[in-house]
Amino acid sequence: MISCVGFGHSHIVALAHGCYALMERGEKFDDRLLEARFYYFDGEELSPPVVEGALNPNLLKKIAEQNAQCVLLSVGGNEHCALSIVQMQERFDFILGAEPDLPLDAEATVLPEAVVRETLREAMAEVIDTLRAFREATDLPLAQIQPPPPLPGAQVLAKPGEFLHTIVDADRLSSDWLRYKMWRVQDGLYRETCARLGVFYAPVPAEFLTGNGTLAPLAWGKDATHANSLFGERMALEALSLILARPNSSV
């Protein structure tokens, strides 16, 4: 048996549903069944995840109760959405250094990528601190999943969901390409943070990304920013594969 426990913000829901589907099917990992429990950072017991600079003791209790051998995380992930779905009064865009030929909004102010990166880093401060706290609190292998890429503008307009709370003005909606570029910059910050902390980082499989940088329809969730259980299932497989493949694995 491989025993895992998972924690996170809203994307943990898809990861949990995906893992539970794997368990129901009897999926095996190195000829062992998976036993996992998932917890949303919500309510007085588990939120905030960091208390006085250290991991919330109640999270450590959940790890111990599960007798976990590894921890799956989906901390944050919607910061790029918060900063880019709806344009402010003055539209902005930027050139992504990794893919400089991507389209630019002709009516937008072009910002340096560094400005975008540092704005995202500031928005992700609590996320980064939470990953640090997990790493300092346990020697168990940790794996953070890459958040899903942005959903296309048509889906954002049709199903704004809880994240946006209200119908989006189509004239203020950012292009799919801008939101993809923001996702890529956020991804760079996750990779940098996880590499520094010794946390595995599970990437989104290529089949979940379309040619214009948005989440493929087979992985869409029920609103403007989240993926479904199929996405969660594949991300769980990616994360567990990284953990099990590490040298001298004791999981």
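Here are the numbers for this structure:
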item	result
Qualifying residue in segment 230-245 (condition: of a type in the set (S, T, N, Q) and open to solvent by less than 60 Å² (accessible area, probe 1.4 Å))	no
Where Asp223 falls short, out of the listed (1) modelled with pLDDT of 95 or more; (2) under 30 Å from Glu24 (Cα atoms); (3) touching a Gly at 6+ places or on another chain (Cβ under 6 Å)	(1)
Residues located in segment 51-62, provided they are within 15 Å of Leu131 (Cα to Cα) and either surrounded by 17 or more Cβ atoms within 10 Å (Cβ to Cβ) or free of Cβ contacts under 8 Å to residues at least 40 places away in the same chain (or both)	Val51, Glu52, Leu55, Asn56, Pro57, Leu59
Conditions (1) closer than 19 Å to Ala16 by Cβ; (2) touching a Pro at 6+ places or on another chain (Cβ under 9 Å); (3) not hydrophobic (A, V, I, L, M, F, W, C); number of the one not met by Lys61	(2)
Residue match in segment 108-115 (condition: more than 19 Å from Pro148 (Cα to Cα), among the hydrophobic types (A, V, I, L, M, F, W, C) and in a loop (DSSP other than H, G, I, E, B))	yes
Criterion violated by Ile167 - all others in (1) assigned to a loop (DSSP other than H, G, I, E, B); (2) buried (at least 20 other Cβ atoms within 10 Å of the Cβ); (3) modelled with pLDDT under 95 satisfied	(2)
Residues that are over 30 Å from Ala224 (Cβ atoms) and of a type in the set (D, E, K, R), drawn from segment 33-61	Glu35, Glu52, Lys61
Segment 220-237 residues that are free of Cβ contacts under 8 Å to residues at least 12 places away in the same chain, paired with ones that are open to solvent by 10 Å² or more (accessible area, probe 1.4 Å) (beta carbon under 9 Å, 6 or more apart)	none
Residue in segment 3-12 that is open to solvent by 30 Å² or more (accessible area, probe 1.4 Å) and touching a Lys or Arg at 6+ places or on another chain (Cβ under 8 Å) present	no
Selection from segment 67-79 of residues that are modelled with pLDDT of 95 or more and either aromatic (Phe, Trp, Tyr) or surrounded by 12 or more Cβ atoms within 10 Å (Cβ to Cβ) (or both)	Ala68, Gln69, Cys70, Val71, Leu72, Leu73, Ser74, Val75, Gly76, Gly77, Glu79
Every residue from segment 116-130 that is assigned to a helix (DSSP H, G or I) and either open to solvent by less than 60 Å² (accessible area, probe 1.4 Å) or in contact with a Leu (Cβ under 9 Å, 6 or more places away or on another chain) (or both)	Val116, Arg117, Thr119, Leu120, Arg121, Ala123, Ala125, Val127, Ile128, Asp129, Thr130
Hits in segment 213-225 (condition: open to solvent by 60 Å² or more (accessible area, probe 1.4 Å) and in a loop (DSSP other than H, G, I, E, B))	Lys222
Qualifying residue in segment 85-100 (condition: open to solvent by less than 10 Å² (accessible area, probe 1.4 Å) and modelled with pLDDT under 95)	yes
Residue among Gly43, Gly77 that is in contact (Cβ under 8 Å) with a residue 24 or more places away in the chain and at positive phi	Gly77
Scope segment 169-222; condition in contact with a strand residue (DSSP E or B) (Cβ under 9 Å, 6 or more places away or on another chain) and of a type in the set (S, T, N, Q); matching residues	Ser174, Ser175, Thr193
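The values are calculated or read from the model by the stated rules, or taken from the named source; none is laboratory data. Note that this is a predicted model, so its numbers are computed, not measured. Please note: Cβ atoms are built from the backbone with ideal geometry, for glycine as well, and neighbour counts cover all protein chains shown. Only protein heavy atoms, including side chains, enter the accessible area calculation; ligands, DNA and RNA are left aside. Shrake-Rupley method; radii C 1.70, N 1.55, O 1.52, S 1.80 Å.
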